[in-house]
Amino acid sequence: MARIEQTDDGAVVIIGSGAGGGTLAHELTRRGIKVVLLEAGQRQSLASFSQNPGEAFGQLTWLDPRTQSGTWDPVKTSPTLPVWIAKTVGGTTVHWTGATPRIRPWEFRSRSTYGEVQGASLIDWPISYDEMKGYYQLAERRMVVSRRNGNPGLPASNNFKVMYAGAQKIGYKQVHTGYMAINTRPADGRAFCIQQGFCVQGCKTGAKWSTLYTEIPRAEATGNLDLRTRCMATRIEHGADGKVTGVLYRDSAGHEQRQRARVVCVAGNAIETPRLLLLSESAKFPYGLANSSGHVGRNYCHHINGFIWATFDEPVHFWRGAVLAGLVEDETVNEPKRGFFGGYHFELIALDLPTLPLVGMPYGWGRDFASFIDDYRNMAGLFINGEDLPQASNRITLDDKVKDANGLPVAHVHVDEHPNDKAMRQHARMQGKKMYEAIGAKRVVLSPTTPATHNMCTARMSARPEDGVANAHGQTHDIPNLFISDGSAFTSPGSANPTLTIVALALRQADFIGKQMAARAL
Amino acid sequence: MTIPIDRRGFLHKTGILTGVLAAGSPLALLAPSRAWAVDLTSLTSAEAATLLAAARTIAPHDKLEDAAYAFVIRSLDSAAAKDEALRKQLKEGAANLGAGFVAAPENERVAALRKVEATPFFQNLRVQTLQVLYSTPLAYAYFGYEGEAFSKGGYLQRGFNDLRWLPEVPPADSGPVLGV
């Protein structure tokens, strides 16, 4: 691993080591570019991942305070944890479940496809699906995605058999074990999936792709990466010409440090990325960096989500097996006759025993609540993942009352649901219920919206500078050497789990930064 | 009057919660005796009994033995030893439910808890009950949950696809099981 001087102004500084930052770090370092990678969390390993669900949650989760408001469910059901994302080397790629569908061609043109939708701040992506296709294919090869590039699918688990039978019964045709960045057989120096069911706690075989044990060690092996863990970026600095010059951060001992930079790439997930841009306000940029459009923090999207649980007379043992290995694609279409724009996926899901009653079920206690858990053996589960509509007022702001350990304002998350969001969720719930009832479910339980694990669009790419924060390469409209390198850059959320698209965009951005640096344009 | 000292050191014992493991209890295999006791360092015996009855009312599983619920009380008691505000909350909450709560029929216990449902006492008790109770080995055994499987080689050869009451998934929509 490289040791890069803090005064070295030739390096690229990347903030965050997840899907976007970790991938970008590898791509740049393998091109011979020096990279300082700042990561707020600690480094874990396959050996150190805890197999106690509560302990694993504490080991991997971003638990620094955040506040929230609005009409979405987490305000009531999870007031101190609006979003569930990771704070560890590898970021959310450590706790993700490996689902890697692509954003659909028409979802890249959502504004043109759906037309004007009252209350929504939709715009088309400045990139077409055709331009993304090659990068999707490259990302799928890197991540060894099942059902792509000749890779086999994951084998059907008990939980999937239930999903499959129900889906077939109500006429769905595109149902399979999903596009998953989980090895069915050994590949890329990683083991194959032994169907542990502990994807979220960190995959102890490494069968599930994570930058923690793929991109980051490869970047380290180039000799060009200086990874600094437990280092929390607190401000991006700029010079008189408006270009960024470096990053202030707190090291593991809480001391303030300054790293000079030639280029800064922000990949802190869609809550911390806009927070850092807003925290970096200055006399020159009084509304925060890259915010001349006012869009930094706005248009926050989180996907329409929710669990559908069903119990049966016979056992399922749904906790056995890769957690999310099941997909229904039939509803991933734009059919306004269903009563809403956009589409959604059904994905397989199971939760461990303490987590199901704590976050997977509607608030409750008493006999009716407990009687559902009595059927834990005989339970099957689905997860809804649909496109929510961006709204300018759904946004990340700095909380003027609550401060973090460094005395800086925490992120405040505000979400009001759009009528389209509600209509989609209702449709998905009814379809999911129908699937399970068609094969004899005894009881179906629908969860509220859970804390968001998918966070997007808070520093979005736009063709016109007034509509967003960054151009089609994630380069901010205002500051040429400042880049957005995570899901914040999504123009709209689509209905696909975001990691694959984050990786594909990072691969594309690395091509651009590499060429620009070589041409001395950066 | 002498104050009994906990074996581990200097914690003052404030009460004790006792019970007897069920004949088939998974813990009975490990324990030297079927009688169990939890030494308390914050709560009195009466307060612990009230909270245990409240935990049972929050998550009523009739055949799940008291020893499982006692884990919840032990966890609350030890957290309260380090947190004065929590100790106060639990003691006041238990006192408010009253001496008759433990022996009251379920509908009366439910009614009493409904009255305090909005209080931090109840909200904390509910979350702690769910979190601790459903993480105990007794609960795992009761609900059939097998927990982590990495140490046993996963579920690949241990039933991840052993469901037979529905049709098998055609190979095109599934995938190969390695080693089979």
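Filter the stretch A:453-483 down to the residues that are of a type in the set (A, V, I, L, M), more than 21 Å from A:Met143 (Cβ to Cβ) and crowded, with 23+ Cβ neighbours inside 10 Å and list them by number.
A:Ala459, A:Met461, A:Val469, A:Ala470, A:Leu482
Checking the conditions here, which among B:Leu156, B:Leu64, B:Leu113 is in contact (Cβ under 8 Å) with a residue 40 or more places away in the chain, within 14 Å of another protein chain (Cβ to nearest Cβ) and either over 23 Å from A:Ala370 (Cα atoms) or outside any helix (DSSP H, G or I) (or both)? Lay out the reasoning, then the answer.
Working: B:Leu156 fails: in contact (Cβ under 8 Å) with a residue 40 or more places away in the chain; B:Leu113 fails: either over 23 Å from A:Ala370 (Cα atoms) or outside any helix (DSSP H, G or I) (or both).
Of the residues listed, the single one that is in contact (Cβ under 8 Å) with a residue 40 or more places away in the chain, within 14 Å of another protein chain (Cβ to nearest Cβ) and either over 23 Å from A:Ala370 (Cα atoms) or outside any helix (DSSP H, G or I) (or both) is B:Leu64.
In the stretch A:472-507, what residues are over 13 Å from the mean Cα position of the chain (by Cα) and on the phi > 0 side of the Ramachandran plot?
Listed by number, the list holds a single entry, A:Gly474.
Under 8 Å by Cβ, and 6 or more places apart or on different chains, what pairs join a residue from the stretch B:72-84 that is in contact (Cβ under 8 Å) with a residue 60 or more places away in the chain with one that is assigned to a helix (DSSP H, G or I)?
If the second residue must be assigned to a helix (DSSP H, G or I), the pairs left are B:Val72/B:Leu51; B:Val72/B:Leu52; B:Val72/B:Ala55; B:Val72/B:Gln128; B:Val72/B:Thr129; B:Val72/B:Val132; B:Val72/B:Leu133; B:Ala81/B:Arg87.
Quick check on the stretch A:397-420. Is at least one of its residues away from every other protein chain (no Cβ under 14 Å), out of contact with any His (no Cβ under 9 Å at 6 or more places or on another chain) and in a helix (DSSP H, G or I)?
yes
Taking the residues in the stretch A:210-257 that are in contact (Cβ under 8 Å) with a residue 24 or more places away in the chain, part of a strand (DSSP E or B) and of a type in the set (D, E, K, R) as candidates, determine which candidate is nearest to A:Arg275 (Cα to Cα).
Residue satisfying both the conditions and the ranking: A:Arg235.
Could you grab me the full set of residues in the stretch A:258-288 that are within 23 Å of the chain's Cα centre (by Cα) and either aliphatic (A, V, I, L, M) or in a loop (DSSP other than H, G, I, E, B) (or both)?
A:Val264, A:Val266, A:Ala267, A:Gly268, A:Ala270, A:Ile271, A:Leu276, A:Leu277, A:Leu278, A:Leu279
Residues are listed down the side, and each one gets a yes or a no for (1) among the hydroxyl-bearing types (Ser, Thr, Tyr); (2) free of Cβ contacts under 8 Å to residues at least 24 places away in the same chain; (3) part of a helix (DSSP H, G or I):
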| residue | (1), (2), (3) |
| --- | --- |
| B:Lys88 | no, yes, yes |
| B:Gly100 | no, yes, no |
| B:Arg109 | no, no, yes |
| B:Glu117 | no, yes, no |
| B:Gln128 | no, no, yes |
| B:Gln131 | no, yes, yes |
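What number of residues within the stretch A:335-362 are in contact with a helix residue (DSSP H, G or I) (Cβ under 6 Å, 6 or more places away or on another chain), in a loop (DSSP other than H, G, I, E, B) and more than 9 Å from chain B (Cβ to nearest Cβ)?
Summing the residues that are in contact with a helix residue (DSSP H, G or I) (Cβ under 6 Å, 6 or more places away or on another chain), in a loop (DSSP other than H, G, I, E, B) and more than 9 Å from chain B (Cβ to nearest Cβ) in the stretch A:335-362 gives 5.
Filtering the stretch A:508-519 down to residues that are buried (at least 19 other Cβ atoms within 10 Å of the Cβ) and within 16 Å of A:Gly32 (Cα to Cα), which residue is farthest from the chain's Cα centre (by Cα)?
Step one: list which residues in the stretch A:508-519 are buried (at least 19 other Cβ atoms within 10 Å of the Cβ), which gives A:508-510, A:513, A:517.
Narrowing further to those that are within 16 Å of A:Gly32 (Cα to Cα): A:509-510, A:513, A:517.
Details: A:Gln509: 18, A:Ala510: 19, A:Ile513: 23, A:Met517: 28 Å.
Once the filter is applied, the top-ranked residue is A:Met517.
We did not get these values from a lab; they are worked out from the coordinates using the rules stated. Please read these numbers as outputs of a predicted model, since none were measured by experiment. Cβ coordinates were reconstructed from backbone atoms using ideal geometry, including for glycine residues, and neighbour counts include every protein chain displayed.
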